[in-house]
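Colleague: I'd like to ask you about the structure that follows.
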Amino acid sequence: MYSHQAPHDTTIFSVSQLNRQVKHLLEQHFFAATIIGEISNLSQPASGHYYFSLKDQQSQIRCALFKHQAQRLTFKPKNGLQVKIIADVSLYEARGDYQLIVQAMQETGEGILYQQFEELKLKLDHKGWFATDIKKPIPAMPRTVGIITSATGAAVRDIQATLKRRFPSIPLIIYPCMVQGIDAKHQISLAIKTANRRKECDVLILARGGGSLEDLWAFNEEIVATAIHKSRLPIITGIGHETDTSIADFVADVRAPTPSAAAEILSPDGDDWLQTFTGYEIILEEVLKRGLAQRRQKVEWLRSRLRHPGERLQAQSQSLDNLELRLQNAMKAKIQNTQQQLRNTASRHEAKHPR
């Protein structure tokens with residue numbers, strides 16, 4: 001049996017004492033640290049303080065920005081903003097939570113982009129470009145699908161694989177363009193205009209794989225939004241991952257969460273159509289069988305009514321014989337009647353003879 005007994009010189013702390021000492025150590029060794037991250041889980045109670053998490057792709061940390069420091073900000077903190085903060089590392093003793101006490105904060109990189117995104121979104125919304133009543137309908141059975149994306153990216157392969165699986169007979173036309181970088185917005189806009197001018201397809205997919213806000217920024221440019229708004233062809237967007245949303249998504253006629261989902265929305269399900277046609281085949285077969293049975297029954301009825309010409313001639317011959325007999329009898333009766341009248345007349349004349 002082992003006995004776990006503390007050494008005689010071990011200091012025993014209460015929870016409060018331990019938290020207080022840890023807080024003191026953190027504040028001594030991490031004073032005015034500069035940290036970059038993205039704001040999330042933002043809240044602002046009635047006190048005017050801000051509480052939020054600062055995160056990157058792997059980790060996050062709780063932060064507190066008290067009212068007197070928040071009043072110095074030149075922008076309003078929002079979820080999703082990329083910021084650089086100067087903060088003291090501390091510990092919230094009541095819960096034992098490791099946290100940052102923010103002394104200063106400024107927007108960086110994606111934070112500025114996020115602000116531009118919101119400004120353009122508000123501008124185009126006021127123009128009515130996001131209204132549902134101006135959205136063009138997507139054809140239920142497209143004759144040809146146009147794809148606007150990088151010719152070598154994963155998005156075009158995902159779309160092709162999805163359409164091949166669901167309805168491989170739909171033809172595809174790829175309008176290749178850059179989807180990232182300074183020139184991407186111009187190439188995307190030109191591809192949309194080219195597809196409208198050529199009139200080779202009846203619907204477009206505007207797609208790109210996932211990436212950071214900077215990677216996807218071409219789809220947040222006003223020139224791209226204008227090209228989508230003016231397009232006579234309906235456009236489905238499948239840009240980034242499900243959580244990514246761009247200005248192009250708001251202006252497009254339909255927004256799909258991914259390139260594959262855009263192809264899913266656009267293409268009929270081949271298995272469903274096959275099942276539908278099989279049902280139609282069964283119904284058509286039953287209709288034809290009933291129609292043939294009805295016509296067969298009618299033919300039999302007509303056949304039963306059909307008489308041989310000889311029978312009809314015999315009937316007519318017999319009718320002629322009857323008419324001949326009636327005529328002979330009528331003539332005999334007429335002659336007899338006339339003879340009787342002559343005899344009666346002769347008798348009257350004989351009675352009145354002068355002799």
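Colleague: Express in Å², to the nearest 10, the accessible area of residue 301 obtained by rolling a 1.4 Å probe over the protein heavy atoms while all chains stay in place.
Modeller: Number for this one is 130 Å².
Colleague: Using DSSP to call loops (not H, G, I, E or B), can you name the trypsin sites (Lys or Arg not before Pro) in the range 197-295 whose Cβ has at most 12 other Cβ atoms within 10 angstrom? Let's see the in-between values first.
Modeller: Working: sites: 197, 198, 199, 208, 230, 232, 255, 289, 290, 295; in loops: 199, 232.
Qualifying residues, ordered by number: 199, 232.
Colleague: Quick check: with the 1.4 Å probe, what order do 265, 228, 101 take by accessible area, largest first?
Modeller: The ranking, largest first, comes out as 265, 101, 228.
Colleague: When the scattering of the range 268-355 is computed by the Debye formula from its Cα atoms alone, each counted once and equally, what is log10 I(q)/I(0) at q = 0.18 Å⁻¹?
Modeller: -0.94
Colleague: On to the next question. What's the whole-number percent of alpha carbon pairs in the range 121-219 lying beyond 19 angstrom?
Modeller: 51
Colleague: Give a residue-ordered list of calculated ³J(HN,Hα) values for the range 80-92 (Karplus: 6.51 cos²θ - 1.76 cosθ + 1.60, θ = phi - 60°; whole Hz; x for Gly, Pro).
Modeller: Whole-Hz 3J(HN,Hα) from phi for the range 80-92: x, 6, 8, 10, 10, 10, 10, 8, 8, 7, 8, 9, 7.
Colleague: Give the relative contact order (percent, whole number) for the range 132-200; include only Cα pairs under 8 Å separated by 6+ residues.
Modeller: 36
Colleague: Helix-derived [θ] at 222 nm for the chain: sum -39500 (n - 2.57) over DSSP H runs of at least 4, divide by residue count, nearest 500?
Modeller: It lands at -15500 deg cm²/dmol.
Colleague: In whole percent, what relative contact order does the chain give with Cα contacts below 8 Å and a gap of six or more residues? Don't skip to the answer; put the middle values down first.
Modeller: On the way: 507 pairs, mean separation 39.7, N = 355.
Answer for the chain is 11 percent.
Colleague: Keeping all protein chains in the complex and leaving out DNA, RNA and ligands, what accessible area do you get for residue 78 with a 1.4 Å probe, in Å² to the nearest 10?
Modeller: 90
Colleague: Please compute the alpha carbon radius of gyration of the range 88-170, then divide it by the globular-protein estimate 2.2 N^0.38 Å. Two decimals is fine.
Modeller: Dividing the Cα radius of gyration by 2.2 N^0.38 Å gives 2.01.
Colleague: Restricting the count to DSSP beta bridges whose residues both fall in the chain, what percent are antiparallel, rounded to a multiple of 5?
Modeller: 55
Colleague: Quick one: 3J(HN,Hα) in Hz for the range 214-221, Karplus 6.51/-1.76/1.60 with θ = phi - 60°, rounded, Gly and Pro as x.
Modeller: 5, 4, 8, 5, 4, 7, 10, 8
Colleague: Just need the relative contact order of the range 47-160 here, percent rounded to a whole number, with Cα pairs under 8 Å and 6+ apart. Could the numbers behind the result be given before it?
Modeller: Numbers: 115 pairs, mean separation 20.5, N = 114.
With pairs under 8 Å counted, the relative contact order is 18 percent.
Colleague: Can you work out the base-10 log of I(q)/I(0) for the range 54-121 at q = 0.14, 0.18, 0.19, 0.23 1/Å, using the Debye formula on its C-alpha atoms alone?
Modeller: Values, matching the q order: -0.48, -0.75, -0.82, -1.08.
Colleague: Taking amide H positions as placed in the peptide plane 1.01 Å from N, state which residues far from residue 202 in sequence (5 or more) or on other chains have amide H under 5 Å from it.
Modeller: Residues meeting the criterion, in which the H sits 1.01 Å from N, are 143, 144, 146.
Colleague: Exactly which GluC sites (Glu not before Pro) in the range 238-299 are in a DSSP loop and have at most 10 other Cβ atoms within 10 Å?
Modeller: Numbers: sites: 242, 264, 281, 285, 286; in loops: 242.
Here the GluC sites (Glu not before Pro) that fit, given the DSSP loop and packing criteria, are 242.
Colleague: Using a 1.4 Å probe and counting only protein heavy atoms, arrange 277, 52, 250 so the residue with the most accessible area comes first. If you can, show how the numbers build up before the last one.
Modeller: On the way: 277 115, 52 10, 250 60 Å².
The most accessible residue leads, giving 277, 250, 52.
Colleague: Non-local amide H neighbours of residue 91 (under 5 Å, H modeled in plane, Pro and chain starts lacking H): which ones?
Modeller: Counting only residues 5 or more places away or on other chains, the set is 99.
Colleague: Kindly sort 134, 12 by accessible area of their heavy atoms, largest first, with the probe set to 1.4 Å.
Modeller: Result of the area sort, largest leading: 12, 134.
The values are calculated or read from the model by the stated rules, or taken from the named source; none is laboratory data. The structure presented is a predicted model; accordingly, all values stated were derived computationally and were not measured. With ideal geometry, Cβ positions are generated from the backbone for all residues, glycine too; neighbour counts draw on all protein chains shown. Ligands, DNA and RNA are excluded from the accessible area calculation, which covers all protein heavy atoms including side chains. Shrake-Rupley method; radii C 1.70, N 1.55, O 1.52, S 1.80 Å.
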